[in-house]
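Novice: Quick one: this structure, given as structure tokens, is what I'll be asking you about.
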Ligand code: ADP
């Protein structure tokens, strides 16, 4: 079997389509998407509400099945992957950051951050060491014993980013990361994401907020389930 190399794209979607069906309506949420994300890219995808951004992120994150097409992750086709194998791959290779943080309210910040490592079977000492390191790095080292509800929105999002990094995944998927934050905390979160990208992490961010696209190395736009080059003013190009 060919071993993937750094030159193998991290993500390759070919002709990926996804439909949502109810009794009376069929919605094409993803329409024959071709997308390649290379190692170390910071890809930002913008688009109006309902254009398919969250669906794309869910498919990329192996959280939703799709109807047609092919998805390769680090060169490996995911066709026929069962739910357990998908969960294992997701847990080790992909970190998620969501608009509403999705922290577990009755677990401490430390336990929330360490959860992906616990799921992956890491031992307690390794979890403790990494959680403390990540929390310090993200400026919430003094909040590890708190519950998420005792943290500000910005601190909760930093805890969620720490959790996303717990298993040191190569890919971070980020959905409207500042949508629930004040502007100062939002700017701090965006600085953190840019820093993680500079350190070599691959980031794919989706947002309807055009002002969040500035740090990205590539920008695309979703329109009615299709991916297009982002429409940006020429003075805004990098
Ligand atoms: P965005 O993230 O850009 O707001 P979504 O990916 O959430 O867009 O939605 C894309 C399209 O799919 C929309 O038309 C939306 O109404 C539809 N959709 C999303 N989730 C579902 C679902 N669970 N059932 C039916 N339709 C859905």
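Novice: Once you keep just the Cα pairs under 8 angstrom separated by 6 or more residues, what percentage relative contact order results for the chain? Please report the intermediate quantities before stating the final value.
Specialist: Working: 441 pairs, mean separation 69.1, N = 238.
Across the chain, relative contact order equals 29 percent.
Novice: Could you tell me the convex hull volume per residue, in Å³, taken over the Cα atoms of the chain?
Specialist: Values: hull volume 34.8 nm³, N = 238.
In the chain, the Cα hull volume divided by residue count equals 146 Å³.
Novice: Evaluate E = 1/(1 + (r/R0)^6) for residue 198 and residue 82, where r is the Cβ-Cβ distance and R0 equals 45 Å; express this FRET efficiency to the nearest 0.05.
Specialist: Details: r = 36 Å, r/R0 = 0.81.
With R0 = 45 Å, the Cβ-Cβ based efficiency is 0.80.
Novice: In addition: How high is the relative contact order of the range 41-142, given as a whole-number percent (alpha carbon pairs under 8 Å, six or more residues apart)? Kindly include the intermediate steps, with their values, before the conclusion.
Specialist: Numbers: 40 pairs, mean separation 15.4, N = 102.
The value is 15 percent.
Novice: Oh, and also: Starting with the highest mean, order 43-52, 127-136 by the number of other Cβ atoms within 10 Å, averaged over the residues of each peptide. Let's see the in-between values first.
Specialist: Numbers: 43-52: 19.3, 127-136: 17.4.
Going by the mean number of other Cβ atoms within 10 Å, highest first, we get 43-52, 127-136.
Novice: So what's Rg/Rh here for the range 53-118, counting alpha carbon atoms and using the Kirkwood radius for Rh? Don't skip to the answer; put the middle values down first.
Specialist: Numbers: Rg = 13.7 Å, Rh = 13.5 Å.
Radius of gyration over Kirkwood radius for the range 53-118 works out to 1.01.
Novice: If you take every DSSP beta bridge fully contained in the range 132-238, what fraction is antiparallel? Give it as a percent rounded to 5.
Specialist: Values: 4 of 9 bridges.
Bridges in the range 132-238 are about 45 percent antiparallel.
Novice: Another question about this same structure. Just to be sure I follow: if Rg is taken over the C-alpha atoms of the range 24-82 and Rh is the Kirkwood radius over the same atoms, what is Rg/Rh?
Specialist: Working: Rg = 12.6 Å, Rh = 13.1 Å.
Across the range 24-82, the Cα-based Rg/Rh ratio is 0.96.
Novice: Right, another one. Using Cα atoms only, what is the angle between the long axis of helix 183-198 and the major principal axis of the chain, expressed in degrees (0 to 90) to the nearest 10?
Specialist: It works out to around 80 degrees.
Novice: Can you pull the one-decimal nm distance between simple spin-label points at residue 34 and residue 182, each 7 Å off the Cα toward Cβ?
Specialist: 4.7
Novice: List 55, 27 from most exposed to least, where exposure is judged by having the fewest other Cβ atoms within 10 Å. Mind showing how you got there, number by number?
Specialist: Values: 55 22, 27 13.
Exposure proxy ranking, most exposed first: 27, 55.
Novice: Can I ask one more? Within 10 Å of each residue's Cβ, count the other Cβ atoms and sort 182, 38 from fewest upward. Could you put the intermediate results ahead of the total?
Specialist: Working: 182 12, 38 16.
Fewest-to-most Cβ neighbours within 10 Å comes out as 182, 38.
Novice: Moving to a separate point now. Beyond 24 Å, how much of the Cα-Cα pair distribution for the range 143-238 remains, as a whole percent?
Specialist: On the way: 1256 of 4560 pairs.
For the range 143-238, the share of Cα pairs beyond 24 Å comes to 28 percent.
Novice: Another one. In the range 69-212, what % of DSSP beta bridges are antiparallel (nearest 5)? Please list the in-between numbers first.
Specialist: Working: 2 of 11 bridges.
Just about 20 percent of them are antiparallel.
Novice: Now, a different point. Just to confirm the number: angle between the C-alpha axis of helix 109-119 and the first principal axis of the chain, 0 to 90 degrees, nearest 10?
Specialist: 60
Each reported figure results from applying straightforward, stated rules to the coordinates on display, with no laboratory input. Values in this document were obtained by computation on a predicted structure and should not be read as measured data. Don't worry about glycine lacking a Cβ; one is built from the backbone with ideal geometry, like all the others, and counts go over all protein chains shown.
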